[in-house]
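Below is one structure, written out as structure tokens, with a few remarks after it.
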Amino acid sequence: MKVIITGGFGFLGLHLCKRILAVGELIGADESAHVVRKLVLFDAGSPPKDMPRDSRIEVRVGDITNADEVKSLVDEDGIVIFHLASVMSGQGEKDFDICWRVNVEGTRNLLEPCRGRHGCKFVFASSGACFGERSDGPETDTTKLLPHTSYGMTKACMELVINDFTRRGFVDGRVARLPTVIPRPEPNSGLPAAFSDILRQPLKGEPAVLRLKPDMKHAVCGFRVLVRNLIHLANLPAAAFAESIDRCMNMPSLSVTLQDLAESLLKIVKDPSKLGSITYEPDAELCGKLSTFHKNMDATRARALGLMCDSSAAAIAADFAAEYVDPLLLKPVVEIYEEPRHWLAFSNEHVRVFRVENPPGDTTLMHVHRVDSLYFFFTAAQVQGTKLHEEPKDDILSCGEVRYGDHGNCLLTHKIYNKGPPVMMCLDVELAGFQNTQTDGAAAKRPRTEAANLPTGLRLTKERPGARVHDLDLAAGTSWAGRIPFARALFVVHRGAHVRGELGDRLLKPGDVFFRDGPIDMKLEVLGKRRDVAIWVVELLY
């Protein structure tokens, strides 16, 4: 498979490049994995000094407004294109013509040759700057786009074009409406630059002078989760979008203020006295323009498709410090919600579910587990675990394996290095409600369900004080019905397919989770003849 990243010399382009090379494959139009044999980085200007050294990379310096030059990139079927190249909002306001040429004509130049090719996927980086004038409240995927900047206008135009190209079958388009990615390692001309400056400059020991009010809300995300989401969006089968012709969606984000970000720094650094100072000098015109940008992007649709959000602003700050400044600035141990590879997938009073994805060659920060947890593994991987003050130990993880951590009685403080391949993916299910009963000095009192009362097809595979795990396997094209007698249950999808029934009419994907109060009269029908379904049903004993 050939992959193209426009804007490939930039901050996001390089991180996306590294992640794709580490994973080594993407899902094609035939819904099977294809080895990435060539990755083209297309951009203007000179390639950066930190360009990855890999025989699969092809560097192309060029002008996206030159149609002939861009056409030569799309020279075979089944290409996956990540279109990140764009004129930033600040520059776009200064020069309308170049904003239009790069953002609109450049995108059209890249789309047009896809019409003559089969099975091309086109992932477009749009922006929350598309929203503009709107009523108060969260910005949803269906909020009318009335941008107040030329940058936002050009992005909105291309959202419509990509939807139409997809509707007509010219290309398989997927549009990621991005929050502001923070912090960028170097200053930039974007209007929300202060949301990067407030983390970058203090972590470098330099003063940050910010032209925005400290209480202005803005939607942000970190680079790691966004790169992961772009790849996940590209890998989704076309059937995942069957409910609508609209391929444009908000990416998950955190709605934060500059003050929130400043406070996040204090949570993760070892010595706050080493941070640079923060000063606010609000500019009325800039505040007015930025107030039309994304503040609180509702990503319900994206989350249902398996896209993730940073667990906290502190995790974003910790990731940047470790990657770009000095990991020794950080506390020696961070909390699990401050570790940037642990993404909160689901939470209520009973359970907290973190999704963990660690690409080959990557290491988590040292973090602590304080709550009894179940671990569900989705890939076979070789990892190296290092507990605090101990030597590293190798471990082999099996796909479909379930482990239990008794962390309420014995904290686990460790970091994980993925020796790879592939990506190490697991769900860490914290038994929050059970932990609370232990903390209160009360034992779990909910009676365990006897095996004789379980419906046919539900098999007990693991039992621990706070939970029991059952397997439910359904073959492609079959259906199942039964009464699940649990008072509370968490459904964790191991292998997925399109189903209809109590979990909805939907495409189940590995790692999807559903919580249900019971007892549950359940029926599931596996649609299609290609894929079977495997679900872990977790009985909560508290």
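The values are calculated or read from the model by the stated rules, or taken from the named source; none is laboratory data. The structure presented is a predicted model; accordingly, all values stated were derived computationally and were not measured. Heads up, the Cβs are rebuilt from the backbone with ideal geometry, glycines too, and the neighbour counts pull from every protein chain shown.
Can you name every one of the helices (runs of 4 or more DSSP H) wholly within region 231-309 that holds 2 or more residues which are within 17 Å of the chain's Cα centre (by Cα) and surrounded by 15 or more Cβ atoms within 10 Å (Cβ to Cβ)?
Working: elements: 258-268, 284-290, 300-304.
Output list reads 300-304.
Restricting attention to region 153-195, report how many residues are within 20 Å of LYS94 (Cβ to Cβ), β-branched (Val, Ile, Thr) and part of a helix (DSSP H, G or I).
Qualifying residue count for the region: 1.
Take the residues of region 139-152 that are part of a loop (DSSP other than H, G, I, E, B) and of a type outside the set (A, V, I, L, M): which is farthest from ALA33 (Cα to Cα)?
HIS148
Which of the residues spanning region 382-401 are crowded, with 16+ Cβ neighbours inside 10 Å, of a type in the set (A, V, I, L, M, F, W, C) and out of contact with any Asp or Glu (no Cβ under 9 Å at 6 or more places or on another chain)?
Scanning region 382-401 gives a single hit, LEU397.
Mind checking which residues of region 311-342 are among the charged types (D, E, K, R) and in a helix (DSSP H, G or I)?
Within region 311-342, ASP319, GLU323, GLU338 meet the criteria.
Does any residue in region 208-234 that is in contact (Cβ under 8 Å) with a residue 24 or more places away in the chain and acidic (Asp, Glu) come within less than 8 Å, Cβ to Cβ, of a residue that is assigned to a helix (DSSP H, G or I) and buried (at least 23 other Cβ atoms within 10 Å of the Cβ) six or more places away or on a different chain, and which pairs are these?
Every condition considered, the pairs that remain are ASP215/LEU258.
Among the residues of region 507-516, write down those that are under 18 Å from ALA476 (Cα atoms) and in a loop (DSSP other than H, G, I, E, B).
Scanning region 507-516 gives LEU508, LYS509, PRO510.
Filtering region 99-132 down to residues that are within 24 Å of GLY288 (Cα to Cα), out of contact with any strand residue (DSSP E or B) (no Cβ under 7 Å at 6 or more places or on another chain) and of a type in the set (A, V, I, L, M, F, W, C), which residue is surrounded by the most Cβ atoms within 10 Å (Cβ to Cβ)?
ALA129
Taking only region 59-103 into account, find how many residues are outside any loop (DSSP other than H, G, I, E, B), of a type in the set (D, E, K, R) and within 23 Å of PRO187 (Cβ to Cβ).
2
Please work out which one of (1) under 22 Å from PHE96 (Cβ atoms); (2) touching a residue at least 60 places away in the same chain (Cβ under 8 Å); (3) out of contact with any helix residue (DSSP H, G or I) (no Cβ under 6 Å at 6 or more places or on another chain) is the condition MET153 fails and give its number.
(2)
Is it the case that PHE486 is crowded, with 16+ Cβ neighbours inside 10 Å, aromatic (Phe, Trp, Tyr), part of a loop (DSSP other than H, G, I, E, B) and in contact with a strand residue (DSSP E or B) (Cβ under 9 Å, 6 or more places away or on another chain)?
yes
Hey, any hits in region 128-138 for a residue that's at pLDDT 95 or above, part of a helix (DSSP H, G or I) and aliphatic (A, V, I, L, M)?
no
Residue by residue through region 360-401, note down the ones that are part of a loop (DSSP other than H, G, I, E, B), farther than 24 Å from CYS17 by Cα and not aliphatic (A, V, I, L, M).
ARG370, ASP372, HIS389, GLU390, GLU391, PRO392, SER398, CYS399, GLY400, GLU401, listed by residue number.
Out of GLY504, GLY477, which single residue is farther than 25 Å from GLU401 by Cα, outside the structural domain of GLY405 (by TED's automatic domain parsing), part of a loop (DSSP other than H, G, I, E, B) and without any contact (Cβ under 8 Å) to a residue 12 or more places away in the chain?
Checking each option against the conditions leaves just GLY504.
Cβ contacts < 6 Å: first residue in contact (Cβ under 8 Å) with a residue 24 or more places away in the chain, restricted to region 328-350; second residue of a type in the set (Asp, Glu), any location; separation 6+ or different chain. Result?
What qualifies is PRO340/ASP319.
What about HIS389, is it more than 17 Å from the chain's Cα centre (by Cα) and in contact (Cβ under 8 Å) with a residue 24 or more places away in the chain?
Here the answer is no, as HIS389 does not meet what is asked.
Need at least 1 residues that are hydrophobic (A, V, I, L, M, F, W, C), touching a residue at least 12 places away in the same chain (Cβ under 8 Å) and in contact with a His (Cβ under 7 Å, 6 or more places away or on another chain) per element, so show me which strands (runs of 3 or more DSSP E) inside region 2-50 make the cut, counting only ones lying wholly within it.
Values: elements: 2-6, 25-27, 33-35, 38-43.
Of the strands (runs of 3 or more DSSP E) lying wholly inside region 2-50, those with at least 1 residues that are hydrophobic (A, V, I, L, M, F, W, C), touching a residue at least 12 places away in the same chain (Cβ under 8 Å) and in contact with a His (Cβ under 7 Å, 6 or more places away or on another chain) span 25-27.
Would you say LEU160 is surrounded by fewer than 17 Cβ atoms within 10 Å (Cβ to Cβ) and either in contact with a Cys (Cβ under 9 Å, 6 or more places away or on another chain) or at pLDDT 95 or above (or both)?
yes
Hey, LYS204 hits all of (1) crowded, with 22+ Cβ neighbours inside 10 Å; (2) farther than 22 Å from LEU236 by Cα; (3) basic (Lys, Arg) but one; which does it fall short on?
(1)
Just give me the residues in region 283-342 being out of contact with any strand residue (DSSP E or B) (no Cβ under 8 Å at 6 or more places or on another chain) and of a type in the set (Val, Ile, Thr), in sequence order.
THR300, VAL325
Have a look at VAL351, VAL269 and point out the one that is outside the structural domain of ASP50 (by TED's automatic domain parsing) and either within 26 Å of ARG134 (Cβ to Cβ) or at pLDDT 95 or above (or both).
Within the list VAL351, VAL269, the selection yields VAL351.
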